[in-house]
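Peer 1: Sharing a structure below in structure tokens format, with a few things to ask.
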Amino acid sequence: MRTSFIFALFALLLTCGWSAQLFAATDHSGHGVDPNAFYLTVTPEPEAVQAGEQVTITLRLTDAHGAPVSEFEIVHEKKLHLIIIREGLDKFTHTHPEPGPDGTMVTGMTFPEGGTYYFYADFTPRDGKGQTLMAELRVEGESSPAPPLDPYVPGMVQTDELLANVGIEAGQGMHRVSFALMDLSEAPVTDLQPYLGAMGHFVVVSADGRQYVHSHPMDGGEASEVVFEVHFPGPGVYKGWGEFQRGGTVLVVPVVMQID
Ligand SMILES: [Cu+2]
């Protein structure tokens with residue numbers, strides 16, 4: 001995925017709106033109402049969101065009693081990580097809206113194309129456990145279909161800026177996903193910079209977008225290789241986005257993988 005695209009999407013996001021009902025992406029199903037549950041609502045203004053048009057999005061986090069969540073632990077330098085992915089998993093962005101004192105976040109957005117967009121709010125309430133809440137927003141307008149999710153890693157991935165030799169190794173109850181990073185002349189990248197307090201971030205979602213995993217690198221290893229321990233929720237096809245910083249720029253490496 002191109003950085004320029006991400007910025008374009010972000011800019012678009014900064015100007016549109018939507019509404020949605022949300023639900024916890026973490027699976028608390030089958031146990032009735034979870035007293036620890038949190039809810040995310042996404043409200044667009046105007047209510048009908050049109051691709052290419054700026055909207056204002058209000059994100060609101062509430063607890064099981066309907067009270068706003070306004071106190072957060074800082075995780076990877078931010079109160080909240082907001083990931084937005086289009087249905088089909090072809091468009092990805094990762095931003096950090098700042099919650100106001102009442103726990104709401106208002107942000108302008110413009111969506112590049114029509115379709116359903118999944119919002120993942122990744123946060124830890126003060127003195128609580130890490131949460132990921134999900135909401136959907138329907139965007140009207142022209143839409144090109146997402147390419148099929150055909151797995152292409154393990155293997156070499158090329159982006160505009162990087163080559164990544166991506167490996168997957170099954171371990172006990174988890175998989176190790178490694179990114180050996182090279183520049184486009186195949187020289188190992190040895191000047192990675194910490195990004196949000198880690199040498200890399202890896203966001204993974206299931207093909208249907210219903211399962212979300214955010215992973216950070218294991219320590220050690222070679223400077224040019226970043227290894228993530230990922231707890232996949234089950235077998236299936238997943239798409240992930242490795243994020244790495246070099247020269248002050250965040251580089252995104254998308255991968256599609258089959259986990260058995
Ligand atoms: Cu983040």
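Every number in this text was worked out from the coordinates using simple rules, so none of it is lab data. Just so it is clear, the model here is predicted, and its values are computed rather than measured. Note: ideal-geometry Cβ built from the backbone for every residue, glycine included; neighbour counts use all protein chains shown.
Peer 1: Rank the residues 136, 73 as a footprinting-exposure proxy: fewest other Cβ atoms within 10 Å of their Cβ go first.
Peer 2: 73, 136
Peer 1: Could you tell me the extents of the chain's C-alpha atoms along the three principal axes, largest first, rounded to whole Å?
Peer 2: 50, 40, 33
Peer 1: Fewest Cβ neighbours within 10 Å first, please rank 231, 65, 76, 81 accordingly.
Peer 2: Final ranking by Cβ density, sparse to dense: 65, 231, 76, 81.
Peer 1: Express the C-alpha Rg of region 155-259 as a ratio against the empirical globular expectation 2.2 N^0.38 Å, rounded to two decimals.
Peer 2: Normalised Rg, Cα atoms only: 1.01.
Peer 1: Here's something else I'd like to know. For the chain, take the longest principal axis of its alpha carbons; what is the angle in degrees between that and the long axis of helix 3-13, to the nearest 10 within 0 to 90?
Peer 2: 0 degrees
Peer 1: Now for a different question. What full-extension length gain, to one decimal in nm, is calculated for residue 182 and residue 159 as 0.36 nm per residue of separation minus the Cα-Cα distance?
Peer 2: My answer for the length gained is 7.2 nm.
Peer 1: Taking the Cα centre of region 155-259 as origin, work out the dipole magnitude from +1 charges on Lys and Arg Cβ and -1 charges on Asp and Glu Cβ, in debye rounded to 20.
Peer 2: 400 debye
Peer 1: Which value in nm describes the separation of the simple spin-label points at residue 65 and residue 216, placed 7 Å from the Cα toward the beta carbon?
Peer 2: 3.0 nm
Peer 1: Here's something else I'd like to know. Taking region 37-116 as the region of interest, what is the percent of Cα-Cα pairs per 10 angstrom bin, listed from the shortest bin to the one with the maximum distance?
Peer 2: Bins of 10 Å from zero give 16, 46, 31, 7 percent of pairs.
Peer 1: Next question. If you filter region 144-226 for GluC sites (Glu not before Pro), then keep DSSP loop positions with at most 10 other Cβ within 10 Å, what is left?
Peer 2: Passing sites in region 144-226 are 186.
Peer 1: A further question on this structure: Expressed in nm to one decimal, what extension gain is obtained for the pair residue 191 and residue 37 from 0.36 nm per residue of sequence separation less their Cα-Cα distance?
Peer 2: Result for the pair: 51.3 nm of gain on full extension.
Peer 1: Dipole of the chain, Cα-centred, from +1 at each Lys and Arg C-beta and -1 at each Asp and Glu C-beta, to the nearest 20 debye?
Peer 2: Its charge dipole is roughly 220 debye.
Peer 1: Region 81-146 to region 175-215: how many Å between their Cα centroids?
Peer 2: What the calculation gives is 20 Å, centre to centre.
Peer 1: Right, another one. Identify the residues of region 145-165 with backbone N under 12 Å of a label point that sits 7 angstrom from the Cα of residue 258 along the Cα-to-Cβ direction, or state none.
Peer 2: Of the residues in region 145-165, 150-154 have backbone N under 12 Å from the label point off residue 258.
Peer 1: Fewest to most neighbouring Cβ within 10 Å: what's the order for 84, 57, 74?
Peer 2: Going from least to most buried by this count: 74, 84, 57.
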